[in-house]
Amino acid sequence: MQSGNVKKFSVKSGFTLVEMLVVLAILALLLTLAAPKYFSSIDRAKEATLKQDLNTLRESIDKFYADNGRYPNSLKDLVEKKYIRDLPLDPITNSTETWQLLPPEPPLEGMVFDIKSGAEGLAKDGTAYADW
């Protein structure tokens, strides 16, 4: 055996600064491509939720009228009489206080004939949220 001729190798592990910068640049590029689609999909989901909530509330108002012969005096009437479980949040404004209530034409009784969103601004399709 040759004990004097043994060479020792040192192994360095880890990444160099250049490798880290390349990885970070690739991640930044991927984020710039993905972030707009992510936020756009959140907006589309909020708009779809708003449309569904308005549809549900309008159906509940119509059912209340069919059962009682008058329109509800407030949205809380729909909750109290179990037409809806709870008043939904307006997904655009994140509030239950921004719903716009439209009263019926006289001689109809009640205070809530229709409901609209109190959100300002335009949807992705160019229509105003208040017109839905």
Output yes when any residue across region 53-68 is in contact (Cβ under 8 Å) with a residue 12 or more places away in the chain, part of a loop (DSSP other than H, G, I, E, B), farther than 19 Å from Ala130 by Cβ and not acidic (Asp, Glu), and no when none is.
no
Just one of (1) exposed (fewer than 11 other Cβ atoms within 10 Å of the Cβ); (2) over 20 Å from Thr127 (Cβ atoms); (3) at pLDDT 90 or above trips up Ser41, so point out which.
(2)
Taking Gly121, is it out of contact with any helix residue (DSSP H, G or I) (no Cβ under 8 Å at 6 or more places or on another chain) and loosely packed, with under 14 Cβ neighbours inside 10 Å?
no
Which of the numbered conditions does Leu78 fail, given that it passes all the others? Conditions: (1) part of a loop (DSSP other than H, G, I, E, B); (2) over 20 Å from Glu47 (Cα atoms).
(1)
Taking the condition of being within 18 Å of the chain's Cα centre (by Cα), among the basic types (Lys, Arg) and under 30 Å from Asp114 (Cα atoms), how many residues in region 15-74 meet it?
3
Can you tell me which condition Tyr83 does not meet? The list is (1) modelled with pLDDT of 95 or more; (2) farther than 27 Å from Lys124 by Cβ; (3) exposed (fewer than 11 other Cβ atoms within 10 Å of the Cβ), and all the others hold.
(3)
Breaking point among (1) touching a Ser or Thr at 6+ places or on another chain (Cβ under 6 Å); (2) in contact (Cβ under 8 Å) with a residue 60 or more places away in the chain; (3) among the charged types (D, E, K, R), for Asp90
(2)
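The values are calculated or read from the model by the stated rules, or taken from the named source; none is laboratory data. Just so it is clear, the model here is predicted, and its values are computed rather than measured. With ideal geometry, Cβ positions are generated from the backbone for all residues, glycine too; neighbour counts draw on all protein chains shown.
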